[in-house]
2 protein chains.
Amino acid sequence: MPRSLYLDDVTVGDSYTTDTVTVSADDIITFATSFDPQPFHTDPVAAESTFFHGLAASGWHTASISMRLLVTSGLLADGVIGAGAELAWPTPTRPDDVLRVRSTVAGITPSRSRPDRGVVELVCETLTENDEVRQRMTARLVVFRRPAAAG
Amino acid sequence: MPRSLYLDDVTVGDSYTTDTVTVSADDIITFATSFDPQPFHTDPVAAESTFFHGLAASGWHTASISMRLLVTSGLLADGVIGAGAELAWPTPTRPDDVLRVRSTVAGITPSRSRPDRGVVELVCETLTENDEVRQRMTARLVVFRRPAAAG
């Protein structure tokens, strides 16, 4: 995985994969208690008789874990700044999933009004060890050009 | 705000507004430390000289707060189950923002294969007290029909 990229360094079709993180049942319950307090996300026993047939992470937890993986990978020099995103959760994150994010550059649009930046469309899949897709995201990121050398 | 709705109770154009929640600088820093550790989300001083010109919440924090408001409002009888969402963050959440979510039903698609459910497209705006839009989300939710009475 490359690090500290600027807009100048990115080409459509480039692909990057982050490190992995293991998600525990406790992680799932802690996040959901704060942000998505529903039995299928907070109570392993009650979750059995729900739509999810067992404890499942909030989609927002999967999104937040994916963001942490992208940020801590150090991919972009000026940070991961999202203008928007489209998300799908084909399957929920489960306890003991080992997740990673595989990203592919799908588009690059230089800003017309601000020559120091552009928008990069990044298609990010959050995958388990068995390549089950937990999240598919198309993110629109503000990415800056490499600063000009001091004159 | 109505509570415990089933698919049968929902009509295109219906609109609902949640309670409010106040977001503190500590909330912003705590979330970002776990899920989006970048200086503009974690360090009020360093944030001044960034893209955001001051401490700003992670977009995923705004999304997660919005989810909590939707869930704790008790709108849907069988819970808020997202199949996917489209998000935009026109402005970031700031310390001391008082947020609420205003939702409008934009579409209802009964499932062809499973007569007990459908997908509701809900347009959700996360707004401040001054109606600044912090997040615009179109969510696709799995919503169940009212169970038939026992025969």
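The values are calculated or read from the model by the stated rules, or taken from the named source; none is laboratory data. Every value quoted in this text rests on a predicted model; they were computed, and no experiment measured them. Glycine gets a Cβ as well: all are built from the backbone with ideal geometry, and neighbour counts include every protein chain shown. Surface areas here come from the heavy atoms of the whole protein model, side chains and all, with no ligands, DNA or RNA. Shrake-Rupley method; radii C 1.70, N 1.55, O 1.52, S 1.80 Å.
Using Cβ point charges alone (K and R +1, D and E -1), the dipole size of the protein assembly as shown about the Cα centre works out to roughly 720 debye.
Each residue of segment A:84-89 is assigned a 3J(HN,Hα), and the resulting list reads x, 7, 10, 10, 9, 10 Hz, derived from the Karplus form 6.51 cos²θ - 1.76 cosθ + 1.60 (θ = phi - 60°), x at Gly and Pro. Amide H to amide H distances under 5 Å link A:D97 with A:V23, where only residues 5 or more positions off or on other chains count and H is placed in the peptide plane. Positive-end ranking of A:L99, A:V21, A:V142 along the dipole of the protein assembly as shown, with charges on Cβ about the Cα centre, is headed by A:V142.
Peptide A:75-82 shows a mean partner chain C-beta count of 4 within 10 Å per residue C-beta. Shielding by partners for peptide B:48-58, expressed as the average number of C-beta atoms from other protein chains within 10 Å of each residue's C-beta, is 2. Positive-end ranking of B:S64, B:S113, B:T128 along the dipole of segment B:49-136, with charges on Cβ about the Cα centre, is headed by B:S113.
Antiparallel beta bridges, as assigned by DSSP with both residues in the protein assembly as shown, represent about 95 percent of the total such bridges. For chain B, the dipole from Cβ point charges (+1 on Lys and Arg, -1 on Asp and Glu) about the Cα centre works out to 780 debye, to the nearest 20. Among the residues of B:23-35, the average count of other protein chain beta-carbon atoms within 10 Å of the residue beta-carbon is 2.
When peptides A:105-113, B:72-80, B:16-24 are ranked by their average number of other Cβ atoms within 10 Å per residue, the highest-first order is B:72-80, B:16-24, A:105-113. Mind checking segment A:50-151 for chymotrypsin sites (Phe, Trp or Tyr not before Pro) that DSSP puts in a loop (not H, G, I, E or B) and that have at most 15 other Cβ atoms within 10 Å? In loop regions of segment A:50-151 (DSSP not H, G, I, E or B), the sparsely surrounded chymotrypsin sites (Phe, Trp or Tyr not before Pro) are A:F51. Axis between B and A by rotation; chain B residue with nearest Cβ and distance in whole Å recorded as B:E86, 2.
Give me the summed buried accessible area for the B-A pair, 1.4 Å probe, to the nearest 100 Å². Using a 1.4 Å probe on protein heavy atoms, the buried area is about 2700 Å². Taken per residue, the accessible surface of segment A:38-131 reaches 41 Å², heavy atoms only and a 1.4 Å probe. Principal axis analysis of the Cα atoms in chain A yields extents of 64, 28, 24 Å, listed in decreasing size.
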